[in-house]
Every structure is written in structure tokens, then in C-alpha cells.
Amino acid sequence: MKRKLVFLASTLLLAGVLSACGGGKKTESSSVPASEESTPATVSEESVPAEESTPAEESVEESVPAEESVPAEESEEESVPAEESEVTPASEEEHTSHELPSEDGVIGEGIDPGDYSFVVWVDEKIVDLTDAYLQAFAARLPDGVNATFEIQPVSEASAAGDMITDPESGADIYAFAQDQLARLVNANALAEITGDLKDEITDRNDAGSVAAGKVGRKLYAFPMTSDNGYFLYYNKSLITKDEASNFTTLLAACNRAGKTLSFNGSSAWYNAGFFFGAGCESTWNTNSAGEFVSYTDTYNSDEGLVAAKGIKEVVTHSKYVDSSSAADFSAGAAAVISGTWDSGTAKGALGEDFAAVELPYFTVDGHDYHMGSFGGNKLVGVKPQIDANKGAIALLAASYLTDTAAQLARFHENGWGPSNLTAQADPDVQADETLAAFLAQSAYSVPQGQYPGDWWNTAGAIATDIQTAGETSTDDQLKAILAGYAAALDDMLG
């Protein structure tokens, strides 16, 4: 382990020198290479409202990988459903001891002796835990390497905007919502993660969270959570797990029980799951000023018709309710599609009848399609540094803050869902039914990028128009609805 850390530090120092030579300031022509990992519409690598975020998309020439998120936070031009991505902590007992990794050994051999200071921005809920971990990290640096960290409470939503506005005055290490990645890269506010450290981050985290930190093939951020997306809560005394696996049987079970299914079909964030499940995509690209300049959208297609027919089965059913609130369980719902933030409400309403699973399949013309979803992650980024030694320490510190032990500590203390594969396999995490449902669905999620504000309203109206067309609507009527949606897209470009 020690040998690997020495090599990593040497690699980071070399990368820092190269970066400092060419990346000290933003050049006007710095556009991000087109992503070769664009989002597969069905099984993707990214995710939803972490706190209220709107998809942040990559640079003009790239498309965000199809995978994971709910709006984390919106730019002026966007509006996304706001939800608080907060999982109920795994245990009622308060953890204040901040259990730290037991391994010892030097981190960062090869870094020049000296005094290095860092400003760190994290959510106020994890300031103390972050401070404890960074103190432990600093104690393991080589003799003569003195690092001090000033931890400031700044939300993931605010951090990205502040860094984009003035990277030079911003934090050295900061947490942010995944949908802001492309804008941060365009602002030269993120150092690229390369070499062995990139391989290590890729190997230790789930694919969706790694994709959320990438622009094209380049990795710019360390995954910190995987818990922002939606799945199915249901009353297991009324619905069996098998019935919950397909919308046809789920709706039949609701009908049998005289109860309803809550699905926020009029929300583009939620109805996108049908389009992603059928193989469609909608990705939007911005220039360095954050203006939308191009898009790839396949909703108006044969695959889009499949999605529209799947939506039709749900929104025209007599037991359908246009909602995503777990409070509906207290008002006659047997099943609700929502996210981790609703776990406490669902458990409180259902008690021993609580159950949560990945989203159902929908069946169209004899073929089954697994419903997709938007997904999102919290990430940790490092600002590019002119001093290669300081840059190396910052990258190693960010890695330490997002490794297994730190992610498990945040799970126990704050209920945050880990992206780290070892942490995800932890018995306590596995025992959390809400997170287990989220993780199962994450294989089908598409990372949420950045979208124009008008897109959310226009795409949301698709399900409303299908509901108005009614249960007897024809394929031609559904195609006309999709064509109307597609015709409005060009007007959304800057």
C-alpha cells in the first residue's frame, strides 16, 4: 500500500507540473472533447434531484452520459423539480466519533516539504466529519509536509455557481452536484484526475458515479454519493413483489385493492424514465458562457412511440394520480414513485407494510422495457493549482475524503448513499431497503445533465397531452404529440 501511495504522489506531481504549464488560466478556445460515453437510453451511467437540480450538461461538443440524476440545482435558465435528496440515517443512534480508517502509513511521499493551506467547501451537515478526516489525512503526510485545511459550510448547489463566477477566489477542494460538471470544466475550475489515481477512482466506485464525474473520457471529479434518483415504494400487504415488477400487474393490484398509483407524469424528470427505458435520449450542450447551442433528442422516433404507449397505459388508468409524494400513502395510495428523500414519510405511513424496489417494466406490443430514470451524484472536485505539490496534496485529500471509510461514515451519520462499491456491499448499507432500491435502479439511470428551463415544461406536457388524448388514442395521435414536442426544441437554443 505504501509503495502505491508513493507512486501515486509521484504521478500526481508530474501531472501537476504539466497541468500548471498549460492550465493555469482559461483559454477561450478550451472546449471539452465530445463524450464517447454518451448515455445509453436504457442502462446508463448517471442520475435526479439531489436538491433541486437541473441537468447540467457538458460543453458544446459533448453529450452527457446517459445515466444518473434529479435536478440538483438550476442555472438561471433552468427549472427542475426540487427535492431534498436526504436518506434517513441507517441508525437512530448518533455517530459523533467520526471513526477513521485504521490503516497507517505515509501518504504522499515525494511531495516537497513546506507549508500548504487549503480552503474546503462542503455541506454544513458534514463539516465536522470532514474536518476530522482531513486532520487524520494531514497527520499521515511525510515529515516536513504541513497541510492545514479551512473547512467552510457551502452547499453543493452554491459551490458550483461560486466557483464558476470566480475560480481564483474559490475553494481548493469542494463538493458539488454532478449536473454542474461541464460548466465547472468550461470555467477551468476542475483539475483533471489522471494516471493510477484515475484507475483507482474508477475501480472503487459504481459506473454511474464515475460517469457523472467525466467529460468525454476525462475524469474531473471524485464520486462522493450515489443516492439521487427515483424508484418504487409500495404497500406489500396489498401488492406482491412480482406484481410490483411490471406496470400492468402493478396497476391491476392497485385496482384490486381500490388504491392508487402515484407517478408524477406531468414532470419531465419522471416521465423521462419511459423514454430512457425505450432507448431514447435528450442531451443538451452549452458553450463556455453556459448558453445552449446544440442538442441530441430522439423522443420523436419509433422508440419514442414505445415510450408514449407505456406512458399512456399509466396516465389513462383510473387509479393513476399525478404525484410523487409518499404522503399519498396516507390518502389512498398503494404505490408511489419517488426518491430517497421520501423514505421517512413512506416508512411512517406504511410501517411493517413498507417496501421499496427498482422501477417496473412496461410492456408495449408484447415487448418488455425496464423503466429508466434520471440519476445524480454528489462529487468532490479540486481546483487546478500552479504549485504541483499543492495540487498533488489536494487530489490525495479529495481521494481520502471519498474513499470507503469516509463514505460509510457519511452513511451512518447523515444517511448519504455511498458510490464506493465496498461501502455499498457493507451489511448496514445492504440492510437499508431504500438505498438497495435506489442502487438496483441505478443500473437503468441516466446521469442528469443541464437542460433549458423550457425543456422541463415542454417535455412534462407530453404525459399531460397523452392523458388528455385518452385511453383510446391512436398511434397517430401519440406521434402528433411527440412531433409537437420536437418542433419546440429549436426555440430553446441560445
ask   = So how many residues does segment 407-436 have that are small (Gly, Ala, Ser) and over 15 Å from Asp206 (Cα atoms)?
value = 3
remark   = Taking segment 137-149 and keeping only residues that are in a helix (DSSP H, G or I) and buried (at least 16 other Cβ atoms within 10 Å of the Cβ), one is left with Phe137, Ala138
request  = Among the candidates Asp428, Asp454, Asp432, Asp465, single out the residue that is in the same structural domain as Leu197 (by TED's automatic domain parsing) and surrounded by fewer than 22 Cβ atoms within 10 Å (Cβ to Cβ).
outcome  = Asp428
inquiry  = Which condition from (1) touching a Cys at 6+ places or on another chain (Cβ under 9 Å); (2) among the small types (Gly, Ala, Ser); (3) surrounded by 23 or more Cβ atoms within 10 Å (Cβ to Cβ) is the one that Ser301 breaks?
reply    = (3)
inquiry  = Residue under question is Asp199, and the condition is that it be touching a Phe, Trp or Tyr at 6+ places or on another chain (Cβ under 9 Å), in a helix (DSSP H, G or I) and not basic (Lys, Arg); does it hold?
reply    = no
query = Filtering segment 211-251 down to residues that are under 22 Å from Gly351 (Cβ atoms) and polar (S, T, N, Q), which residue is surrounded by the most Cβ atoms within 10 Å (Cβ to Cβ)?
reply = Asn235
inquiry  = Quick check on Ala207: is it surrounded by 24 or more Cβ atoms within 10 Å (Cβ to Cβ) and not assigned by TED's automatic domain parsing to the domain that holds Ala331?
reply    = no
task = Pull up segment 304-346, narrow it to residues that are surrounded by fewer than 22 Cβ atoms within 10 Å (Cβ to Cβ) and touching a Lys or Arg at 6+ places or on another chain (Cβ under 9 Å), then point me to the one that is farthest from Tyr230 (Cα to Cα).
result = Leu305
ask   = Taking segment 412-435 as the search range and keeping residues that are within 16 Å of the chain's Cα centre (by Cα) and among the hydrophobic types (A, V, I, L, M, F, W, C), which one is farthest from Lys236 (Cα to Cα)?
value = Leu421
Cβ-Cβ under 8 Å pairs, at least 6 apart or on other chains, segment 297-324 side in contact (Cβ under 8 Å) with a residue 12 or more places away in the chain and aromatic (Phe, Trp, Tyr), far side surrounded by 21 or more Cβ atoms within 10 Å (Cβ to Cβ) and not in a helix (DSSP H, G or I) = Tyr299/Cys280; Tyr299/Ser282; Tyr320/Thr260; Tyr320/Leu261; Tyr320/Phe263; Tyr320/Gly265
note = Arg410 meets each of (1) in contact with a strand residue (DSSP E or B) (Cβ under 8 Å, 6 or more places away or on another chain); (2) surrounded by 24 or more Cβ atoms within 10 Å (Cβ to Cβ) with one exception, condition (1)
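The values are calculated or read from the model by the stated rules, or taken from the named source; none is laboratory data. What you see is a predicted model, and the numbers here were worked out from it, not measured in a lab. All Cβ positions, glycine included, derive from the backbone under ideal geometry; neighbour counts span all protein chains shown.
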